Structures are given as C-alpha cells and as structure tokens.
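Novice: Sharing a structure with you now.
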Amino acid sequence: MVNVLWLFLMLSGIVVAAYHGKVDAVTKAVLEGAKFGVETSLGLIAIITFWLGVMRVAQEAGLVKVVTWFVRPLVRCLFRGVPPDHPATGAIILNLSANILGLGNAATPAGLIAMRELQKLNPNAEEATPAMCTFLALNTACITLVPTTVIGIRALYGSREPASIIGTTILATAIGMTVAIAGDALLRWWHTRRRGAKW
Amino acid sequence: MVTELAKWVIPGLLFVILAAGFYRKIPVYEVFISGAQEGFEVAVKTIPYLVAMLVAINVFRSSGAMAEMVGILQPVLSPLGVPPEVLPHALMRPLSGGAALGIASDIIHTHGPDSMIGLLVSTMQGTSDTTFYVLSVYFGAVGIKRYRYAPITGLLADITTFISSVIIVGLVFG
C-alpha cells in the first residue's frame, strides 16, 4: 500500500507536470524535496536525542510502574478470557503503559511477548483470538500524552507554541481509544454470535 | 484552557521525571546520555523515509497535481471542515509512520505550524498509530494468518481519531 501511494504521488506528479508543459519543475522539485527531507531530519535530531534521553531516565526511575496502576484495572476488565496471573496479562499491561508514555522501544518487546503468550492460549494457531484483537485494538489506538516528534517539527518551523497541540492530541486519542474498545467489543459479540460457538 | 494547560506539560513532565530519577538515586546524567545516544540513531534512521516522502509530495505539488486534487475534493470535503491538503496524510498514516511524518512536515512547512491546517495535521500526526504496520508485525511474529476483525477495529479507530481531530482542532483553535 505504501508502494502504491508513493508511486501514485511520483508518477501522477510527473504526468501532470508534462501535461502542464513544465517537466523541468519535476527535477527542481526532486532536488528541493530531498534537501528539505535531510534538513528536517537534522532538525529532528535535536528533539529526539534530548527526549529519548529524558525518557530513559523516566524508564529507569520506574515511571512505567506508576502508569501500570491505572492500566491494570482496565486490562483485567477487557481481557476476561486471560487468567489475571498469566504472563500475557503482565506483558499487555507493560506494553500499554509504555505506549501511553511514548516509550516505543520499551513497548515493542513487551508487545511481542504479550502476543507470544496469547498465542499459547490459542486453540487455532493460524487464527487471531478475541484477546489478540482486543490487545491490538488498544495498542494501535492508545492515548498519547506527549507527541514529541511533531512538537519538534513545529518548533523547527517557527511555531509560537510548539506544544499547543498536546491538549487536542490527548482528547482525540482518548476518543479514538474509547471507540476502539467499543468497536472491538461489538465485533467480538457479532462474530461469536455468527459462529454460534464460543471461541 | 486546553492550550493554556499544554504549556505546562513539557516543563512539568521534565521536572517530575528528573525529580523521580533523583529520588530513586539513579545516575541521571549517565542514563540520559545512554538514552540520547539511541535517540540520535533513531533520528538518523528517519532520514531515508523523510527524503523519499518529501521528494514525492514535492513533485506532486509543484507539478500542479496537488492543486488538481484539491480542486476536485474541495466541494466534497470543505463543507465538512476538512482541508483537502491533509488527505495524503490521512491515507498514509496507518501505513507508514515515517512517510506520514514526511507529509506532515511538508504541510507544516508550507502552511505554517500555527495555521489551522498546520495545527490539524500536527494533531493528526500525534494521534493515530501505524495500524497496518503494527498488525503485520505483531501477528506476523507469532504466525497468525487470519486477522479476523482486527483490521476493521483498527481502521474504525483511525477514522474516529481523524474525525475527532478535525472537530476538536476546529473547536479549540477556531
């Protein structure tokens, strides 16, 4: 899909430029775009380097543990098919807490462990279980507290208040997460009914 | 009020995190350096993504194709409060984080970070995740072939965050 979109942008751009009789604009746009890409990345190095340094301190200081207190009840409630003392539960809680804090590099290993543990509870090895679907729904539509990268880009291009979008981000992700939870519950109920058997 | 509070988030978080590190007696400076080292590598790795995407979107715009697309979609999207320029971002976001970031930077650069469209795309970039990428990595890791309804839930959440971003940004900054 990324391939299709990327090809579409490039090829339709070249065709339209030729149609408008300004193919030379393409060459200029390529060079400008590449330069702009490198400049933006270089600008981003500043904030990503600093922020990942701070987040490492947060991780070592045990901030993820604080967040798990809030996440635990939610996970208990949503994953009734998974025993509370099963290793999958711990990994799910850790993954979601790290996701909320924006600790991507702590979230992914925990998420993969969660999937491996959920797979052990799966009667049909090639088919996703309801618990897996719930987990990935939460994982992809998780509340975001600090969208650091985009704040960095805003600062780079001279925003008066780079962090002004934190509030709107938290609100929009909270709504997204609520809908993901509701949609997952609804689809699970519908699929269970259609199959006529519990799985 | 939402923007007023937002000012405090980063200084507040910095204070809480560093104070917690001090309280837990961890070597704050050394730990910061080791994390920052990794951050530098992450930032360098985004260069190819941003170059690929910014070249494509720049060709698309300077050829006039973007203007054609905006012209076609304007009558449909504008009454809904959606600027057509953000459409490539909305399509790319569930597929590739790096590519979406490229489009977002281009829009922020072109329209200004504090313009309505800049604020909207900033919020969109911050909100949803690379749904399809996450699904393929996590399901792929354990050999699941039938995803069931997981992609539908993911897509539903992506569409919801998109619509709520449009509405919330309109209410807060409008």
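The values are calculated or read from the model by the stated rules, or taken from the named source; none is laboratory data. Keep in mind that this is a model prediction, so the values were computed, not measured. Counting neighbours? That spans all protein chains shown, and the Cβs are built from the backbone with ideal geometry, glycine included. Just so you know, the surface numbers come from the protein's heavy atoms only, side chains and all, with ligands and any DNA or RNA stripped out. Shrake-Rupley method; radii C 1.70, N 1.55, O 1.52, S 1.80 Å.
Novice: Residue by residue through segment A:36-54, note down the ones that are open to solvent by 10 Å² or more (accessible area, probe 1.4 Å) and within 7 Å of another protein chain (Cβ to nearest Cβ).
Specialist: A:PHE36, A:VAL38, A:ILE45, A:ILE48, A:THR49, A:PHE50, A:TRP51, A:LEU52
Novice: Scan segment B:125-172 for residues that are charged (D, E, K, R) and in contact (Cβ under 8 Å) with a residue 40 or more places away in the chain and jot them down.
Specialist: Within segment B:125-172, just B:ASP158 meets the criteria.
Novice: Could you tell me whether A:ALA88 is open to solvent by less than 20 Å² (accessible area, probe 1.4 Å), within 22 Å of A:THR129 (Cα to Cα), at pLDDT below 90 and part of a helix (DSSP H, G or I)?
Specialist: Working: open to solvent by less than 20 Å² (accessible area, probe 1.4 Å): yes; within 22 Å of A:THR129 (Cα to Cα): yes; at pLDDT below 90: no; part of a helix (DSSP H, G or I): yes.
When the stated conditions are applied, A:ALA88 does not pass them.
Novice: Residues of segment A:183-199 being part of a helix (DSSP H, G or I) and open to solvent by less than 60 Å² (accessible area, probe 1.4 Å), which ones?
Specialist: Once the filter is applied, which keeps residues that are part of a helix (DSSP H, G or I) and open to solvent by less than 60 Å² (accessible area, probe 1.4 Å), segment A:183-199 yields A:GLY183, A:ASP184, A:ALA185, A:LEU187, A:HIS191, A:THR192.
Novice: Looking only at segment A:114-138, filter to residues that are facing chain B (nearest Cβ under 7 Å) and either on the phi > 0 side of the Ramachandran plot or among the charged types (D, E, K, R) (or both); which one of those is surrounded by the fewest Cβ atoms within 10 Å (Cβ to Cβ)?
Specialist: Of everything passing the filter in segment A:114-138, A:GLU126 is surrounded by the fewest Cβ atoms within 10 Å (Cβ to Cβ).
Per-residue answers, yes or no, for (1) surrounded by fewer than 18 Cβ atoms within 10 Å (Cβ to Cβ); (2) touching a residue at least 40 places away in the same chain (Cβ under 8 Å); (3) more than 17 Å from A:MET10 (Cα to Cα):
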site	(1), (2), (3)
B:ASN58	no, yes, no
B:ALA65	no, no, no
B:GLU68	yes, no, no
B:ILE72	yes, no, yes
B:LEU91	yes, no, no
B:ILE103	no, yes, no
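Novice: Considering only segment B:133-154, state which residues are under 20 Å from A:ALA110 (Cα atoms), facing another protein chain (nearest Cβ under 7 Å) and hydrophobic (A, V, I, L, M, F, W, C).
Specialist: Across segment B:133-154, the qualifying residues are B:VAL134, B:LEU135, B:PHE139, B:ALA141, B:VAL142, B:ILE144, B:ALA150.
Novice: Right, another one. Please work out if B:SER96 is farther than 24 Å from A:GLY13 by Cα and polar (S, T, N, Q).
Specialist: Criteria not met by B:SER96.
Novice: Check every one of the helices (runs of 4 or more DSSP H) wholly within segment A:1-82 and list those with 1 or more residues that are more than 20 Å from the chain's Cα centre (by Cα) and basic (Lys, Arg).
Specialist: Fully inside segment A:1-82 and qualifying: A:24-60, A:63-78.
Novice: Give segment A:139-182 a look and list any residue that's facing chain B (nearest Cβ under 7 Å), farther than 18 Å from A:ASN99 by Cβ, in a helix (DSSP H, G or I) and among the small types (Gly, Ala, Ser), or say none.
Specialist: A:ALA163, A:SER164, A:GLY167
Novice: Looking at B:THR123, B:THR153 in this structure, which one is open to solvent by less than 20 Å² (accessible area, probe 1.4 Å) and closer than 18 Å to A:LEU138 by Cα?
Specialist: Working: B:THR123 fails: closer than 18 Å to A:LEU138 by Cα.
Criteria check complete, one pass: B:THR153.
Novice: Right, next: Is there any pair linking a residue in segment B:24-53 that is outside any helix (DSSP H, G or I) to one that is surrounded by fewer than 16 Cβ atoms within 10 Å (Cβ to Cβ), with Cβ under 9 Å and at least six apart or on different chains, and which?
Specialist: From residues that are outside any helix (DSSP H, G or I), the pairs are B:ARG24/A:GLY62.
Novice: Please find, among A:ALA29, A:ALA34, A:ALA17, A:ALA46, the residue that is in contact with a helix residue (DSSP H, G or I) (Cβ under 8 Å, 6 or more places away or on another chain) and either in contact (Cβ under 8 Å) with a residue 60 or more places away in the chain or over 28 Å from B:ALA100 (Cα atoms) (or both).
Specialist: Checking each option against the conditions leaves just A:ALA46.
Novice: Additional query: Cβ contacts < 8 Å: first residue more than 30 Å from B:TYR29 (Cα to Cα) and within 13 Å of chain B (Cβ to nearest Cβ), restricted to segment A:60-87; second residue at pLDDT 90 or above and surrounded by 18 or more Cβ atoms within 10 Å (Cβ to Cβ), any location; separation 6+ or different chain. Result?
Specialist: Listed pairs, sorted by first residue: A:LEU78/A:THR134; A:LEU78/A:LEU138; A:LEU78/A:ILE181.
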